[in-house]
Each structure stands twice: as C-alpha cells, then as structure tokens.
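Q: First the structure, then my questions, so here it is.
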Amino acid sequence: MSKKSFIIRIMGVLALVLVLMAVIVILEPDRQTTGITRARAAKAVALMLDSREAVLEYRKEAGGSHFSQKEQNNWYVPYMDYLYDKGILLEELTEPTAAAAQKEITYEEISRLTGAIQKPLESSVGMVRKNRSHSYPEEDFWLLYDKLAEVSGSEGEEGVQTLDILLYGTPSNIHPSESWTAYTSQGNFRFEGLALDAYIDRRIRVMVRGSEMIGVRELLSEDITYENVWLDDSGTDTFRVHLGTVARTFSGEGIENLEQFQNNLVDLELKSGKLVKVSIKKDTITGTVLAVKEDAIEIEGYGEIPLDWNFKVHKIYGEYEEQDLSDILVGYDIQEFVTSGGKLCAALTTRAFDAKKIRVLLLDTGFQSPFHPSVTLTVDTDSQLFYGKKEETLKAGESLTLKPDSKYLKEGRLTIVPGTDKGCTSITSISRAQGVPSYQGSIEIKKEAEGLTIVNDLYLEDYLKKVVPSEMPGSYESEALKVQAVCARTYAYRHILGNSYSRYGAHVDDSTNFQVYNNTEESARASEAVNATYGQMMFYGDEAVEAFYFSTSCGHTTDGSAWGGTGETTPYLKARELRDRKECLDLSSNAAFSEFIKNKNYPAYDQSFPMYRWEAEISADALLEKLGDLGEITNMEVKKRGAGGIAEQIVIEGTSGSRELKGQTQIRNVLGSSSLEIKRKDGKTQSGFAILPSAYISIEKRTGTDGKISFYLYGGGYGHGVGMSQNGAQGMAKEGKDYKTILNFFYEGAEIRESR
C-alpha cells in the first residue's frame, strides 16, 4: 500500500469516527447532567400539593402502603404513597420499591406527573421517544417545579416558600440533635433525603413548606458572618457560641487570646467554613424599657433607638436561651442592651422577671380608642413633671391640659410622678362609671401620630385593688373575692409576659378586652382579699394558667376548646357540672341539652342568680338584617355542641341559601342585638345585649298566626363559660368553701404559689 493510500484510509476512518460522535451528541442527552431521584422528586411534588401533616393524614386515612412491609419505614414512602393514591405516580411506570425510589426520575415519569397536575404544562417537559427513559436533569426539574407551583397556587406563606438561610449545622456537627434536622438562621427544618453537610457555615437559598425543606436551589456565599451571637465558654484552642437553638464548638486556631471573648457578644467571620476573625461588642446601656416596636426600642434616659437588622435577644442567666423581641418587657429593666453604630445589636436578659408592676393603657371615654385628642389632669399632691431632660413641679390641686403641640410633648413623652406613694392623678378628660377616674402610680403621656396615649404605671397589687371591685361586687363573700384576686393576678401576670401592648409601652388596657380597671370605687373588702392573697397565682407546671373567668354559668362550664383547637394546651380548663360531684353531663345532643336548659331549677352553685336561665325570641326578619340575602329564612338549628352543651355550630337556612355560624363568638354576635329583650329567671325583662348573653342555647322554631317565623331561645348563663364562674364562686363561698378549694374546682390540677 502506498503512503498516499494509507493516509487517505486513515483520514476516512477519522471522518467516520467524527460522524458517529456527532450522531451520539445529537441523539443522546448530556451525560454530565445530574438527575434527581424519584424519592426526592416525590417529596418535592407532594409538598407542593399539600403540607407534610396533610400528606401523613391522607395516608393514614387511605390505609395500607404500596411498598412492602420491610420498606415502609423509609422516609420517602409517605410522599410516594400519596402520589400513587392521587394517580400522579403509576406503579407500572414507577415501581414502589426502595431500589426504584433511589434511581433518577425519567423524562417519561416527569411528563406523566406534570400532566396529572397541570395538563397544559406537560409539553414543556420536552419528552421525545428517544429520551423517555433518560434521567430528567435536576436543573430542569426545579424550573418546571416553579411553574407547577405558580400555576397550582401553592406558593406563598402557607405553601412553598424560597428562603435565604445560614446553615448552622445538621446531626453531623450538632450533638445532641434530632434526626434529619437542619439548624438554620430561619429556624429548624426537616431535610429528609437532602445532602446538606457541604453547606454548613454557608449561605444558601432553599425551598421550604412549613418546617420541611424541599431542596437547595443555590449556594449564595461561602464567606459569611454570624452576627450578634453569644460566646459563653472558651478555652485555649476552642470556644462555644450559641446559634439559634443550638450550641456550636469552633476551633480557635489562628485566633489569639480566646479567653477575652468569653461571656460576650461577638461577630464570627468565616471563609469556606473556616473561622478567620472574632469581633467583640462590649458597649452596653441599661434602663427601663418604655416601648417596643418592630424596628426600635424606647429606653428611659436614652429615647427611641433603632434595631440592627440582625438584632438578637439572649437570656444569659441560668441555662442559655435565645429569645425574641416579645421577651423584652416594657416597664422593666431586666435586659442590658448592646449597641454598635447607633443601633441596638442585642438584648442580654440578665435576671429573672419579678412581677411587681404593671402598665395599663387608658382608653378614651367609652373604651373605644387608645388615642386622645387632648388630656386634662389634676394631682392631689405635689408631683414632678419629667419631659426631655427637663423637670417641673405641678402643685397639688393644679390642672394641666396637654395637646399634641404642648411644650411638654416636644420630646414625645411626659411623665407625671406623684410626690408620695399614695398620691393620685385624676384624668378629668375621660369618664368612667364612677365619674372622673383617679390613678395611683405614675402617668405617662406620649404623642403618637394618631393622638395622645396615656399609660398608668403602678404596683401590681395596687392595680388589683382597682380590678377586683370592678369585676366582682365588694359585697360578695370574702372567699369569693380572694378567688377573684388570685384569678386577676394570674391573668395580669400572663399578659405582662405576653407584651401584647408593647408598642404603646403597656401590658393591658383598662377595658373588658383584658380586665376592667378602676371602673368603680375601691372596696375595703376587695382590698383585704388582695392583701390576703398577696403574690399568689395559679401555675400548671412552670406556666401560669389561662385564668379565664365569666359572670354566670348555666350549671355547666365548657373546656379550653371553646377558643378553637382541642384544648390540650389547657388541661386544667375542663367542662364540669357546677355542683358537688365530679360527673359531667352528656349534653352533646339537642334533645338532652333542651331538657337540661328548660329546667330553671336544675341544682347548681349559680342557680339563685337571674341570668342562670333566660329566654329570648328572634324574628326571621331580624336575622335577615344581619345575614344578608338568604331569601326567606326557613329554619335555624344547632348542628354541633361542644363540651358542656355549648353551641359550636349553627346553620340558618333560607329559600335562597344557607349560612353557617361557627364558634361561640360569631354565634353570640349574630344572634345578639341592642334591641333583643332577654327574659331572666326572676321574670324581669332586660335589653341592650349587643351580643347574646351566652351560647348555651336551645332553639325552637315558631310560626305566628300571621305566618311569620321566629326562633325562641332557651338559654342559660352569662359569658363564655370557660374557667371560673364568678357567681358560681360566690355560691360555693356561701356554702363555706375556701378560696383554694374553689380555685381547684374551676382550674383542676393548678398549683397556687407565688410567681417565680
């Protein structure tokens, strides 16, 4: 063979190879592309359609699994079973075995899945005959997933969310830890099926639903800073910091003098997972907290200070705990605040809370608004006025009127402090049942955009001496008044901790939204009851109980589920008959409850009180005015009763539709009206019930001679029916029962002790 022929032959072979390679490239997918396993894809799709809780509940109701018995404990089984049952996965295409679940999902399976969820998107999968058995690229899966989530309406707060997080750790570096738990800057997430260890100490973008992590979408940064974290222990070469709910031990390699950082707030800088710098923050301020907002905290002596974007709250006494903004209590100085660059970086809770004082937001006349266009006040003793950095004396008997443009409010806040402990400030610009109200303690008036707010800062025990007679007649038995005092103190304590009014620098207001305060004259007998129970509250375990109380029972109370949920969080609030026996009546049927409620003399501790039993009549026309167009109302019936017989669901039917009332609040609001006349047990008629006295009702349909339909209500009790019946307590006290016995009756299992 000539040299020329050999070269030609070689070139021909090379050309053939190139052609074959081109064909392979055209016909085959990119072999470098990584797919996603069927298990991971199933989890992602199931959580796009439903929450994990709903998936598990669905599977529970559906019965047996598609997987063999020995494989049913694998993490992905509930998700794949869910999709099998929904017809989104087909067993003939996706075999229900562990081996198949761990293999990459194919174009054909993705196409079938997409079509089952959103048929119009099926074509976007890009499946053709030649790639149907090939692995579907993970990158394409997430792009398709976004489209499906958007079209399916599963995005948003209740659905699939995308979060940027710092990954603190997983069970690989957190000990002790929960299995499959990722500890992050956005809370803890379950990450079944995901490989996360490579992302520890990195910022990543993830998809989540509830507490379930669906997938990692992107590595955002390998260089991060843990800001405003608490370092509480260090040695010569390691130290421990707290990140969220976990503690991490870091190597101190390359960091000099580690001991200097111990028990301090620090920033940690890491590059590619390696600690490179520790910065300490030591500048602190202290003072009574006057108001807490989402972006700022007002501290006495310092004014309003903005919060750092990564503001943290650390409890550093006893066992460490990361807290949140709601744990910063107004009216107290149990925190030190760390500052940097003119902002608050962190709050350090340095000591336990001792409930000695309470701050009450005073509403306007009629209890309609916290804002006052102006405030006029007088003092009965020489008092000091503090505003900005200035101080003046307001003489006893002098009057002061404040408007938003007053010089005293130029800095935003005026504080009036009486010269003696018993000194009082009268607010003459508001009115209460007793007339002009007078307040012990200090008065703070603050200028807000909507008007002026008034906060009364006083000792908790002094507050109770104005609450107890406002909630229970001072003529009641001393043991009943003691019951009211302990309930009121417990209720106040929970709301001090709750901080629901921290924006206004208060714990509660003076209306029935909390406890009525200073609406009647102070009572010597009520004050004696407060003194006799000094500091006593009810606890269940380590938590103060929800000390709910109401006026009058129908002979039976209900349980904590009256506010929604199951009542499991309040096991001490039980439905019980108000008499000397432990049995509870079965009043779940309309027939049984009707027989019970129509018995005006059914024996109970409340039976002598007028509202123990009552009757009322509501016309169909009156209901229509509230409910809108239902045509002509034809019927109203209780469809569901809760513990103790309280109505939980009522259906009102009309010729053009029906309306469902759920929960006692809605039932009482719809059926009540200012014109509704209530016939009490004592035969007297009373009106002005904007809401129905209670939801303990039996309903009878009546038709008049004129053909008009009305509904006759047989009712009992006054109030929500949860916790202590005030008149029931009075009845028990009259029988000689002491306050602790009475409290144990209404809050079974609760322990009476002083706060801690």
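Q: Out of segment 572-613, which residues are of a type in the set (S, T, N, Q) and buried (at least 16 other Cβ atoms within 10 Å of the Cβ)?
A: As a first pass, look at segment 572-613 and keep what is of a type in the set (S, T, N, Q): 588-590, 594, 599, 601, 607-608.
Passing the criteria: N590, S594, Q607.
Q: Please work out if G366 is at positive phi, surrounded by 14 or more Cβ atoms within 10 Å (Cβ to Cβ) and not in a strand (DSSP E or B). Explain how you work it out, then say what you get.
A: Working: at positive phi: yes; surrounded by 14 or more Cβ atoms within 10 Å (Cβ to Cβ): no; not in a strand (DSSP E or B): yes.
Criteria not met by G366.
Q: Does segment 207-229 contain at least one residue that is touching a strand residue (DSSP E or B) at 6+ places or on another chain (Cβ under 9 Å), surrounded by fewer than 16 Cβ atoms within 10 Å (Cβ to Cβ), β-branched (V, I, T) and closer than 30 Å to S51 by Cβ?
A: Checking segment 207-229: not a single residue is touching a strand residue (DSSP E or B) at 6+ places or on another chain (Cβ under 9 Å), surrounded by fewer than 16 Cβ atoms within 10 Å (Cβ to Cβ), β-branched (V, I, T) and closer than 30 Å to S51 by Cβ.
Q: Considering every residue within segment 657-675, establish whether at least one is touching a Phe, Trp or Tyr at 6+ places or on another chain (Cβ under 8 Å), modelled with pLDDT under 90 and not charged (D, E, K, R). First the steps, then the outcome.
A: Quick first cut of segment 657-675, residues touching a Phe, Trp or Tyr at 6+ places or on another chain (Cβ under 8 Å) only: 672-674.
This time we only want the ones that are modelled with pLDDT under 90, so: 674.
This time we only want the ones that are not charged (D, E, K, R), so: 674.
Yes, the conditions are met somewhere in segment 657-675.
Yes/no matrix, rows are residues, columns are (1) over 18 Å from S438 (Cβ atoms); (2) of a type outside the set (D, E, K, R):
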{"site": "L377", "(1), (2)": "no, yes"}
{"site": "E391", "(1), (2)": "yes, no"}
{"site": "E398", "(1), (2)": "no, no"}
{"site": "P404", "(1), (2)": "yes, yes"}
{"site": "Y408", "(1), (2)": "yes, yes"}
{"site": "E411", "(1), (2)": "yes, no"}
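Q: Please go through segment 107-154 and pick out each residue that is under 18 Å from L89 (Cα atoms), outside any helix (DSSP H, G or I) and under 34 Å from the mean Cα position of the chain (by Cα).
A: Result: no residue meets the conditions.
Q: For the structure I just gave you, tell me whether Y84 is buried (at least 16 other Cβ atoms within 10 Å of the Cβ), within 40 Å of the chain's Cα centre (by Cα) and under 18 Å from R40 (Cα atoms). Break it down into steps so the answer makes sense when it comes.
A: Values: buried (at least 16 other Cβ atoms within 10 Å of the Cβ): yes; within 40 Å of the chain's Cα centre (by Cα): yes; under 18 Å from R40 (Cα atoms): yes.
When the stated conditions are applied, Y84 passes them.
Q: Please indicate, with yes or no, whether at least one residue in segment 563-570 is touching a residue at least 40 places away in the same chain (Cβ under 8 Å) and closer than 19 Å to I752 by Cα.
A: Within segment 563-570 (the criterion being touching a residue at least 40 places away in the same chain (Cβ under 8 Å) and closer than 19 Å to I752 by Cα), the answer is no, since none of the residues qualifies.
Q: Here's another thing I want to ask about it. Taking interchain pairs and intrachain pairs at least six residues apart, which have beta carbon atoms under 7 angstrom, with the first residue in segment 153-173 and more than 26 Å from I200 (Cα to Cα) and the second outside any strand (DSSP E or B) and hydrophobic (A, V, I, L, M, F, W, C)?
A: S154/M48; S154/L49; E155/A149
Q: So G631 ticks every box in (1) surrounded by fewer than 20 Cβ atoms within 10 Å (Cβ to Cβ); (2) outside any loop (DSSP other than H, G, I, E, B); (3) at pLDDT below 95 but one. Which box is left unticked?
A: (2)
Q: Moving to a separate point now. Could you tell me whether K701 is more than 22 Å from Y602 (Cβ to Cβ) and in contact (Cβ under 8 Å) with a residue 60 or more places away in the chain?
A: On the way: more than 22 Å from Y602 (Cβ to Cβ): yes; in contact (Cβ under 8 Å) with a residue 60 or more places away in the chain: yes.
Yes: the conditions hold for K701.
Q: Being surrounded by 15 or more Cβ atoms within 10 Å (Cβ to Cβ) and without any contact (Cβ under 8 Å) to a residue 12 or more places away in the chain is the filter here; which residues of segment 634-665 pass it?
A: T665 - this is the single residue of segment 634-665 that is surrounded by 15 or more Cβ atoms within 10 Å (Cβ to Cβ) and without any contact (Cβ under 8 Å) to a residue 12 or more places away in the chain.
Q: Residue by residue through segment 550-571, note down the ones that are surrounded by fewer than 22 Cβ atoms within 10 Å (Cβ to Cβ) and at pLDDT 95 or above.
A: If the condition is that a residue be surrounded by fewer than 22 Cβ atoms within 10 Å (Cβ to Cβ) and at pLDDT 95 or above, then F550, S551 are the ones that fit.
Q: Hey, can you tell me all the residues within segment 116-143 that are hydroxyl-bearing (S, T, Y) and surrounded by 17 or more Cβ atoms within 10 Å (Cβ to Cβ)?
A: Looking only at segment 116-143, we keep the residues that are hydroxyl-bearing (S, T, Y), and these are 123-124, 133, 135-136.
Within segment 116-143, S135, Y136 meet the criteria.
Q: Looking at (1) among the hydroxyl-bearing types (S, T, Y); (2) crowded, with 23+ Cβ neighbours inside 10 Å; (3) under 23 Å from the mean Cα position of the chain (by Cα), which one does S500 not meet, given that it meets all the others?
A: (2)
Q: So S725 fits all but one of (1) free of Cβ contacts under 8 Å to residues at least 40 places away in the same chain; (2) under 32 Å from the mean Cα position of the chain (by Cα); what number is the exception?
A: (1)
Q: Could you grab me the full set of residues in segment 503-549 that are in contact with a Pro (Cβ under 9 Å, 6 or more places away or on another chain), closer than 20 Å to I742 by Cα and surrounded by fewer than 19 Cβ atoms within 10 Å (Cβ to Cβ)?
A: R525, Y540
Q: If you don't mind, there's one more thing I want to ask. Quick check: anything in segment 456-467 modelled with pLDDT of 95 or more and over 25 Å from R494 (Cα atoms)?
A: no
Q: Go through segment 665-713 and count every residue that is under 36 Å from the mean Cα position of the chain (by Cα) and in a strand (DSSP E or B).
A: Final tally of qualifying residues: 6.
Q: Being within 34 Å of the chain's Cα centre (by Cα), in a strand (DSSP E or B), crowded, with 17+ Cβ neighbours inside 10 Å and of a type outside the set (D, E) narrows it down to one residue among L275, L265, L270; which is it?
A: On the way: L275 fails: within 34 Å of the chain's Cα centre (by Cα); L270 fails: within 34 Å of the chain's Cα centre (by Cα).
Just a single option satisfies the conditions, and that option is L265.
The values are calculated or read from the model by the stated rules, or taken from the named source; none is laboratory data. As the structure is a computational prediction, the values presented were derived from the model and not from experiment. Every residue, glycine as well, gets a Cβ built from its backbone with ideal geometry; the counts of neighbours run over all protein chains shown.
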